[in-house]
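To start, the structure under review is shown below, and the notes come after it.
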Amino acid sequence: MNTPYGLEIIDSCLNCKLRKEHSFCNMSYGLMKTFSAINHQCTYPVGAVLFVEGQMPRGAFMLCSGRVKLSTTSREGKVLILKIAEPGDMLGLSAVISGTVYEMTAESSTPCQINFVDREALIEFIGKNGEAGLRAAEALSREFQSAYRDIHDLVLARSSAGKLARLLLSWTDGRDQAEREIRVHSSLTHEEMAQMIGASRETVTRLISDLKKKDLIRLDGSTLVIRNKMALQALAA
């Protein structure tokens with residue numbers, strides 16, 4: 001049975017088939033039973049704002065399915081997308097644990113199913129259970145490492161073309177290098193891609209057009225087809 005947004009209904013964390021090996025919610029049965037009792041299941045349409053940068057944390061959001069855009073805004077109003085969260089990510093965890101404001105804004109980029117956990121309940125859960133504390137530490141470590149890699153790529157890439165090539169290549173992680181063509185489905189607009197690499201929408205549109213002319217990529221509807229991964233890697237270097 002599906003929700004109105006086409007998402008599979010998950011009645012309980014105990015019988016969830018979406019848990020990943022390294023996600024926060026991949027805990028032992030007893031802890032999952034406790035965790036399931038303190039979270040609240042919600043579904044969101046595209047464009048729903050979960051929390052806003054600078055807001056005091058009400059709690060954390062366990063992303064079960066769908067994708068969420070995490071962004072920050074400069075004083076001049078320029079938006080930079082920091083990450084596209086995937087299922088298994090715990091959003092707002094660092095703010096909940098530190099008791100400081102959310103560092104970014106979270107907005108659903110696809111329909112999502114999310115488990116919300118109130119801050120006080122989550123702090124008590126982590127404090128009383130060593131396994132949950134370890135999972136929280138692992139989640140924060142992955143968050144830090146991901147942020148470091150993104151900043152490294154954004155700062156060290158010499159040009160907008162290099163940054164865009166790095167972004168496109170990041171969508172092929174785990175794919176076979178020997179594949180003649182790599183097909184990647186992306187729901188990002190040119191504006192959102194620009195916000196991820198710190199460029200303008202016009203620049204991204206021009207760069208994508210250039211890559212298509214050079215036969216490095218092509219677009220089949222919303223599917224990006226990478227035709228020459230090695231050439232993109234050279235551009236990103």
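Overview of results
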quantity	calculated
Total formal charge among the other residues, if their Cβ is under 11 angstrom from that of residue 102, Lys/Arg +1 and Asp/Glu -1	-1
Contour minus Cα-Cα distance for residue 137 and residue 159 (0.36 nm per residue)	4.4 nm
Candidates 82, 219, 207: whichever shows maximal mean-square fluctuation once the chain is modelled as a Gaussian network with Cα springs under 10 Å	219
Phi to ³J(HN,Hα) by Karplus 6.51 cos²θ - 1.76 cosθ + 1.60 over the range 67-79, Hz, x for Gly, Pro	9, 10, 8, 10, 9, 10, 10, 7, 4, 7, x, 7, 9
Rough spin-label spacing in nm, given labels placed 7 Å along Cα→Cβ, for residue 29 and residue 75	5.7 nm
Contact order normalised by residue count of the range 108-237, Cα under 8 Å, 6+ apart, percent	25 percent
Angle between the chain longest axis and helix 160-170 axis [Cα atoms, degrees, rounded to 10]	50 degrees
For the chain, the spread of Cα positions along each principal axis, largest first, Å	56, 42, 32
Top of 105, 205, 72 by mean-square fluctuation, Gaussian network on the chain, Cα under 10 Å	205
P(r) weight above 24 Å for the range 30-147, C-alpha pairs, percent	22 percent
Spin-label model distance (nm) - residue 183 vs residue 147, 7 Å beyond Cα toward Cβ	3.7 nm
Among 43, 187, 232 the positive-end extreme of the charge dipole of the chain (Cβ point charges)	232
Trypsin sites (Lys or Arg not before Pro) lying in DSSP loop within the range 186-218, provided at most 14 other Cβ fall within 10 Å	214
Of 102, 29, 44, the one that fluctuates the most in a GNM where the chain has Cα springs shorter than 10 Å	29
Pair residue 56, residue 38: separation of 7 Å Cα→Cβ label points (nm)	2.0 nm
Cleavage-rule hits (GluC sites (Glu not before Pro)) in the range 67-122: DSSP loop, at most 11 neighbouring Cβ within 10 angstrom	76
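Since every read-out is calculated from the coordinates, none of them should be taken as a lab result. All values reported here derive from a predicted model rather than from experimental measurement. Backbone-built Cβ (ideal geometry, glycine too); neighbour counts: all protein chains shown.
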